[in-house]
Amino acid sequence: MNCKTHLLFILIAWCLTSYVACSATEFHPEGWTTHSARPEICPEFSWDENGGPRGQGAFIIASNDREGLSGHWQHAFKVQGKKHYHFSVWRRSIDQPHLRRVGTARVVWLDSQGELAMRDEVSEASFRPGEYPRAQPEFPPDGKSVDGWTELSGIYQAPSNAVRAVVELHYRWGQPHTQIAWSDVGFSEVSPPEPRLVRLATVHHRPKAGKTPHEKCEQFAPLITEAAKQNADLVVLPEVLTYYGTGLSYAECAETVPGPSTKYFGELARNHNCYIVVGLFEREKHLIYNVAVLLGPSGEVVGKYRKVTLPRGEIEGGIMPGGDYPVFETRFGKVGMMICYDGFFPEVARELTKNGADVIAWPVWGCNPMLGAARACENHVYVVSSTYTDVSSNWMISAVYGQDGQPLAQAKDWPSVAVAEVDLGNTLHWHSLGDFKAQIPRHRPIVPIDRMTHD
């Protein structure tokens, strides 16, 4: 065992033993214990027998007049390796801001020795020689809210050598005189979830021929047909394609949404039973926007996104920026969109991911391809880019980026299509981090706008 490996095991052992027991002030359900990292930051624990959304009791963690108190309730459940388990709990906060970080639940997998179980489904190639893929804690996401209570839940597969799942209900870095209540904990074996397979397609084409917006649209019909032959569920086209090479101004190419171009691509979406994302200039009264429009398999406009970050040329050309980050429900998952220059700014993809996007469609004239990889990697989200840039320029690519930022498929020739099949239900585990995507809302920093809105 090398020095680095030895240090890793020391760190794991410290993490599992560093919590100190704290006393609850009243009776509480059997098997539940209270813990804190250090006695001096231990909060107050109690059991409210009439609490919870159904009045069946609630675990309370509260602070006094001191800030930064941290601790949790925990309970160990027996598990069998490779089985799937559904965890759920309801949480309510009293006067506590930044709840996504403060009120966190975790599921920790332990082996028979009380150490972190092995994450055996992760390829050993992902780890350095002599290191082992330990199963890091699961972080159930926030879900629906009812009468001030929010459900946190998730389905997880136990590692093969796991014998216990320790459920932890946390209160972290609390503000003075605040508290969190946890209630209705559920942990039970379930059937494995069905795969969420989707085929994502990018189109790589420069519509050089023709001079009218409609002639530009027509050039993409054969490529959409080709993507449909490969059973694509989502086809992403490039930015403002009705403007490219026309010699017209932004205003002369702008149209309403819905309008003639969305009607054209909507019919193609209906004929091929797929979703299509197309980049256009939109006119609304006296304003013009650079938009990405999502067309559905019924031919309808599912939604649109107005480009938020504008480069110098669009500002000088009188384009209006958007201000929202909408995400749209489809039959395979949630789709968000960003456009070209948006890729230079991490906030856009992060907001779309915060809003639930499984896939981000990215019509893009040109950009640094490393930024496409970064937007996918830092959010653990699939990104589908469609660009006018030639591969010989060593610049932007038309590709399907995986959750780790690596291109899964790339279209290189003019004109061409590339398709990648992905499972939106798959979880990507990283060395020492585990499911990083689940940890993003729990660990990302508090930024000024969050301070103003209490996140």
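The values are calculated or read from the model by the stated rules, or taken from the named source; none is laboratory data. Owing to the predicted nature of the structure, the values given are computational and were not obtained by experimental measurement. Because the Cβ atoms are built from the backbone with ideal geometry, glycine has one as well, and the counts that use them run over all protein chains shown. For accessibility, only protein heavy atoms count, side chains too; no ligands or nucleic acids. Shrake-Rupley method; radii C 1.70, N 1.55, O 1.52, S 1.80 Å.
Take the residues in the range 190-218 that are of a type in the set (A, V, I, L, M) and open to solvent by less than 10 Å² (accessible area, probe 1.4 Å); name whichever of them is nearest to THR387 (Cα to Cα). Write out each step before concluding.
Of the range 190-218, the ones of a type in the set (A, V, I, L, M) are 190, 197-198, 200-201, 203, 209.
If we keep only those that are open to solvent by less than 10 Å² (accessible area, probe 1.4 Å) too, we end up with 198, 200-201, 203.
On the way: VAL198: 21, LEU200: 15, ALA201: 13, VAL203: 8 Å.
Top of the filtered list is VAL203.
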Members of the range 84-111 that are open to solvent by 40 Å² or more (accessible area, probe 1.4 Å), within 25 Å of the chain's Cα centre (by Cα) and either under 11 Å from VAL167 (Cβ atoms) or among the charged types (D, E, K, R) (or both): ARG92, ARG101, ARG106
Any hit, the range 219-242, residues being closer than 15 Å to HIS205 by Cα, buried (at least 21 other Cβ atoms within 10 Å of the Cβ) and charged (D, E, K, R): yes
Within the range 390-432, tally of residues that are touching a Pro at 6+ places or on another chain (Cβ under 9 Å), buried (at least 20 other Cβ atoms within 10 Å of the Cβ) and within 16 Å of MET370 (Cα to Cα): 7
Total residues in the range 273-286, condition open to solvent by 50 Å² or more (accessible area, probe 1.4 Å) and closer than 18 Å to ALA232 by Cβ: 1
Test result for TYR325, surrounded by fewer than 24 Cβ atoms within 10 Å (Cβ to Cβ) and either under 29 Å from HIS286 (Cβ atoms) or touching a helix residue (DSSP H, G or I) at 6+ places or on another chain (Cβ under 7 Å) (or both): yes
Residues of the range 54-83 that turn out to be over 29 Å from the mean Cα position of the chain (by Cα) and farther than 18 Å from LEU169 by Cα, as a count: 6
Scan of the range 174-189 for residues that are surrounded by 15 or more Cβ atoms within 10 Å (Cβ to Cβ) and either farther than 19 Å from GLY31 by Cα or hydrophobic (A, V, I, L, M, F, W, C) (or both), ordered by number: GLY174, GLN175, THR178, GLN179, ILE180, ALA181, TRP182, VAL185, PHE187
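Looking at ALA349, ALA357, ALA361, ALA374, which one is open to solvent by 20 Å² or more (accessible area, probe 1.4 Å), closer than 25 Å to HIS429 by Cα and aliphatic (A, V, I, L, M)?
On the way: ALA349 fails: open to solvent by 20 Å² or more (accessible area, probe 1.4 Å); ALA357 fails: open to solvent by 20 Å² or more (accessible area, probe 1.4 Å); ALA361 fails: open to solvent by 20 Å² or more (accessible area, probe 1.4 Å).
Within the list ALA349, ALA357, ALA361, ALA374, the selection yields ALA374.
Are any residues in the range 247-266 open to solvent by 10 Å² or more (accessible area, probe 1.4 Å) and either in contact with a Leu (Cβ under 9 Å, 6 or more places away or on another chain) or within 25 Å of ILE397 (Cβ to Cβ) (or both), and if so, which ones? Reasoning before the result, please.
Here is the first cut: in the range 247-266, the ones open to solvent by 10 Å² or more (accessible area, probe 1.4 Å) are 247-252, 254-260, 263-264.
Result: ALA254, GLU255, VAL257, GLY259.
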Scope the range 305-315; condition over 25 Å from PRO260 (Cα atoms) and open to solvent by 30 Å² or more (accessible area, probe 1.4 Å); matching residues: PRO311, ARG312, GLY313, ILE315
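Among the listed residues ARG375, ARG350, which satisfies the condition of being under 30 Å from PRO141 (Cα atoms), among the charged types (D, E, K, R) and either touching a strand residue (DSSP E or B) at 6+ places or on another chain (Cβ under 8 Å) or assigned to a loop (DSSP other than H, G, I, E, B) (or both)? Spell out how you get there, then give the answer.
Working: ARG350 fails: either touching a strand residue (DSSP E or B) at 6+ places or on another chain (Cβ under 8 Å) or assigned to a loop (DSSP other than H, G, I, E, B) (or both).
Every option except ARG375 fails the conditions.
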Among (1) in contact (Cβ under 8 Å) with a residue 40 or more places away in the chain; (2) touching a Gly at 6+ places or on another chain (Cβ under 6 Å), the one test that GLY299 misses: (1)
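Please count how many residues of the range 4-59 are among the β-branched types (Val, Ile, Thr), at pLDDT 95 or above and open to solvent by less than 30 Å² (accessible area, probe 1.4 Å).
Of all residues in the range 4-59, those among the β-branched types (Val, Ile, Thr) come to 5, 10, 12, 17, 20, 25, 33-34, 41.
Narrowing the set further to residues that are at pLDDT 95 or above leaves 33-34, 41.
Applying the additional criterion that residues be open to solvent by less than 30 Å² (accessible area, probe 1.4 Å) yields 34.
Of the residues in that region, 1 qualify.
A quick yes/no check of all residues on (1) in a loop (DSSP other than H, G, I, E, B); (2) open to solvent by less than 50 Å² (accessible area, probe 1.4 Å); (3) under 24 Å from SER249 (Cα atoms):
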{"position": "ILE288", "(1), (2), (3)": "no, yes, yes"}
{"position": "PRO297", "(1), (2), (3)": "yes, yes, no"}
{"position": "GLY303", "(1), (2), (3)": "no, yes, no"}
{"position": "ILE319", "(1), (2), (3)": "yes, yes, yes"}
{"position": "VAL335", "(1), (2), (3)": "no, yes, no"}
